[in-house]
Amino acid sequence: MIDIPKTMHGVFLTGHGGLDKLEFKTDIPVPSPKNDEVLIRVAAAGINNTDINTRIGWYSKSVTTDTNIGGKKGLSNARAVDGSWSGIALKFPRIQGADVCGTIVAVGSEVKQSRIGERVIARTMQTNPNNPEKFSCWTLGSECDGAFAQYTIVRSSETFAINCKWSDAELGSIPCSYSTAEGLLHRIKLKSEKIFINGASGGVGSAAIQLAKRRGAHITAQCSSSKFNEIKKIGANEVVSRKTNLVSELGKNKFDAVIDVVAGENWTQLLEILKPGGRYATSGAIAGPMVSLDVRTLYLKDLTFYGCTYQPVEVFRNLIRYIEKGEIKPLVSKTYPLEKIKQAQEEFLAKKHVGKLVLIPSLKD
């Protein structure tokens, strides 16, 4: 019998704003699983751009700046009414945390008792329980409480057992970034083609390099020059600086596909380096969401654009298969105790790391 306490440590997001909106608490009631849910004792929880974007209200259509500007102090022009990724106002306090690795310690009445004791990770972008439509999503740490606590509740159907020798921190780095990257490549049906990946040192970009490499792609990655060697080690064939004029250095019409998590003022270059008939896929805009599109480039080059948020469940199942077969590896840059979440997010915003930063909740108290 697993001993489950009545209260837990966790971090409340009390509203949209700066780091001051994150409150570490030691007396949060441990939730109880409903009929189809499981209670997970959290062992590790990665930090992602979406955690910060949600905190500062960056998803609000009133915001047009990059994601770092309000990372520490918040954004004065962000509206609460549409400050979440879904465009629906969040309910506060909310426990964020889109990545979870842990152990099932209790189950609801409709879940098999045999699931207790399973080591699991959970889907970040889940099926919406209130809307069966294909592109309607439900995000861990946004529409429901997430992993920035010692315990969290997840629907059993969104929780997957995994059998590997990775550490908890390594598994806790996977769900959001790697499923986003796999979702991008799955959507464009990438094969052994030439692909350009920007934001390559971040969680999604570094995952996309590995996942594109296992598909046999030839990868050109973009990041700061100080990270070139590390990015080559994980599979990039070529690396270019984020300050590079892509058209001048790489030439026009060179790539079958572009994976973009950056956007910003240099966005038009991405369309120029695509071959006619090329595919552009995006899941982020850390350099700013507002871009200028010459529609003639789109139609004269027969380009296809993919906006990628929704992920079919097979994307997550594929990730688990890759991990268990040893086809990809984790990239954990550093870990922090949960109570150091503000420091961890500050270091995340500094963008000096490669891969993921991961929070570890203490379970000793």
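The values are calculated or read from the model by the stated rules, or taken from the named source; none is laboratory data. Computed from a prediction, not measured in an experiment: that's the story for all the values here. Cβ: placed from backbone, ideal geometry, glycine included. Neighbour counts: every protein chain shown.
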Residues in segment 216-231 that are within 21 Å of LEU319 (Cβ to Cβ) and surrounded by 15 or more Cβ atoms within 10 Å (Cβ to Cβ): how many? 4
Counting only residues that are closer than 18 Å to LEU19 by Cβ and under 18 Å from the mean Cα position of the chain (by Cα), how many does segment 60-93 have? 5
Given the structure, is ALA217 within 30 Å of VAL107 (Cα to Cα) and free of Cβ contacts under 8 Å to residues at least 60 places away in the same chain? no
Unique residue being of a type in the set (Asp, Glu) and within 23 Å of ALA44 (Cα to Cα) when the list is GLU193, GLU158: GLU158
Would you confirm whether any residue within segment 98-107 is at pLDDT 95 or above, loosely packed, with under 14 Cβ neighbours inside 10 Å and over 23 Å from PHE348 (Cα atoms)? no
Anything in segment 66-97 that is of a type in the set (Val, Ile, Thr) and either under 21 Å from PHE316 (Cβ atoms) or surrounded by fewer than 16 Cβ atoms within 10 Å (Cβ to Cβ) (or both)? List them, or say none. ILE69, VAL81, ILE88
Tell me which residues, restricted to segment 128-137, are surrounded by fewer than 19 Cβ atoms within 10 Å (Cβ to Cβ) and not acidic (Asp, Glu). ASN128, PRO129, ASN130, ASN131, PRO132, LYS134, PHE135, SER136
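Conditions tested, residue by residue: (1) at pLDDT below 95; (2) over 17 Å from LEU357 (Cα atoms); (3) outside the structural domain of ILE104 (by TED's automatic domain parsing).
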site	(1), (2), (3)
GLU118	no, yes, no
THR127	yes, yes, no
SER136	yes, yes, no
ALA147	no, no, no
ASN163	no, yes, no
GLU182	no, yes, yes
Name the one entry in PHE196, PHE228, PHE255 that is among the aromatic types (Phe, Trp, Tyr), in contact (Cβ under 8 Å) with a residue 24 or more places away in the chain and farther than 21 Å from ASN49 by Cβ. PHE255
